Number of protein chains: 2
Amino acid sequence: MSMSFYTADSLKAELHERGWRLTPQREIILDIFQNLAAGKHLSAEELCDLLQTEGHDISLSTIYRTVKLMARMGILRELELAEDHKHYEINQPHHHHHHLICVRCNQTIEFKNDSVLKIGDKTSKKEGYHLLDCQLTIHAVCPACQRSILPV
Amino acid sequence: MSMSFYTADSLKAELHERGWRLTPQREIILDIFQNLAAGKHLSAEELCDLLQTEGHDISLSTIYRTVKLMARMGILRELELAEDHKHYEINQPHHHHHHLICVRCNQTIEFKNDSVLKIGDKTSKKEGYHLLDCQLTIHAVCPACQRSILPV
DNA sequence: ATTTAAAAGAGAGTTATTCTCAATAAGGCT
DNA sequence: AGCCTTATTGAGAATAACTCTCTTTTAAAT
Ligand SMILES: [Mn+2]
Ligand SMILES: [Mn+2]
Ligand SMILES: [Zn+2]
Ligand SMILES: [Zn+2]
C-alpha cells in the first residue's frame, strides 16, 4: 500500500518503473475511481457505463485489463461483494475500511478499524511479502433477510 | 458461526430446522471437509476428484449446490485464493484463521489472530447481522515473485 | 521524424458455475 | 411396512464474466 493519491505524473512514474506506459484510458479510469463517492464500488460493466455517460468510449477489454493491472499494483482494491462478478474501489490508506456483506441480498456496510491494517502490515512483513491490500470481510445475514423465510 | 463440530445428527437437525433433508451426499461432503488436513483448501473440481478416489460418485451439480448451501449456513468458508475459482474449507471457531495470498503465484499462508474474530462479532452485532464468517485476506507479493521481473 | 514495442479495440473463445427437467429418495404419516 | 409429498440428485445444456487473439494504434525513447 505504497501511495495515497495518484496524479497523472505519479501514475506515469510508477508505470515507467516497470517499463509500461501511461495511456489516456488509464488516466481516465484512475480519475473515475479517485472521484467516486465514498461507499461506491464499481464492477467492470458499471465502470464501462459510467465512462460512456461521461463521453469516454473505452472498450470492455481495456477496462478489464486496467482494473486488474491497477489491483495488482495496489492502486485499486478488488472486492468480492457479489456472487458472480468483482467490484473495485480506490485503495487509499487514509480511507482504509472493511466490508460487512449480507450473503443473501449483498447489501454492504463499510466500517473502519485501525488494528486490522496493523495486523496486515505485521503479518506480511514477518513473511517477507510486499503488502498490496488487506481487507476484513464479514459474511453475514442482514436483519431484513433474517426475517424472510426464503431458501438459504 | 454457530456450531463447532457437526455430526450427521446435528447437521440433520440444522437442515430440518429449515425444512431440508439430510442426504448421503451431504453427509459425505461434510465428512470430507471435517477430516481434511489443516491448511488444505478444496475447489469444487478437487472435491469431486477426491470423492471419486474414495469411491463416491457425486455429480458436479450436487457438489456445487452443496458447498454453496453449506457456506450460506456457515458450515463452510468460501475463499478467494485463486483468480478463477473458489476454494472451501470447514468453518470452525477454534481453528479460525486468515490468509496471506501472493497475487502472482497464489501461494497462501495461514495465520491466526484472535482480535479479528472479536471485531467481526462486534461489528455484525452492532448492525444486527447474523454472523456466518469473518476473514482477513491479505493480498501481497511473495519474496520469490518480488525477485522475478515478470509482467505484473 | 523515426522506430519499437506496449496498449487498445473488436470479437471470438474459455470455463467456472448455474439452470432445467426428469428420475430418485428422504422423511412424515398412517 | 407401505404411501405420499416434495426436496434433492444427476446429466447435460445454458449462461456470463472474463480472457485471448490478432490487427491497428500510439506512447515515448532515440
Ligand atoms: Mn468499500
Ligand atoms: Mn485456510
Ligand atoms: Zn440481506
Ligand atoms: Zn508469489
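The values are calculated or read from the model by the stated rules, or taken from the named source; none is laboratory data. Everything numeric in this text was worked out from a predicted model, so none of it was measured. We place every Cβ from the backbone using ideal geometry, glycine too, and count neighbours over all the protein chains shown. Just the protein is used for accessible areas: all its heavy atoms, side chains included, with ligands, DNA and RNA removed. Shrake-Rupley method; radii C 1.70, N 1.55, O 1.52, S 1.80 Å.
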### Query
When the residues of the range A:49-61 are filtered to those that are under 17 Å from residue A:85 (Cα atoms) and not aliphatic (A, V, I, L, M), which remaining residue is nearest to ligand 4 (Cβ to nearest atom)?
A:61
### Query
What about residue B:142, is it more than 16 Å from DNA strand C (Cβ to nearest atom), in contact (Cβ under 8 Å) with a residue 40 or more places away in the chain and open to solvent by 20 Å² or more (accessible area, probe 1.4 Å)?
no
### Query
In the range B:47-71, which residue that is within 13 Å of chain A (Cβ to nearest Cβ) and under 26 Å from residue B:103 (Cα atoms) is least open to solvent (accessible area, probe 1.4 Å)?
B:67
#### Entry: helices (runs of 4 or more DSSP H) (entirely within the range A:1-76) containing at least 3 residues that are of a type in the set (Lys, Arg)
A:60-73
### Task
Determine, yes or no, whether residue B:78 is under 20 Å from residue B:29 (Cβ atoms), open to solvent by 20 Å² or more (accessible area, probe 1.4 Å) and at the interface with another protein chain (Cβ under 10 Å from one of its Cβ atoms).
yes
### Task
Kindly check whether there is at least one residue in the range A:130-138 that is of a type in the set (D, E, K, R), open to solvent by 30 Å² or more (accessible area, probe 1.4 Å), facing chain B (nearest Cβ under 9 Å) and not in a helix (DSSP H, G or I).
no
### Summary
By residue number, the members of the range B:92-107 that are open to solvent by 30 Å² or more (accessible area, probe 1.4 Å), more than 10 Å from every other protein chain (Cβ to nearest Cβ) and away from DNA strand C (no atom under 16 Å from the Cβ) are B:93, B:94, B:95, B:105
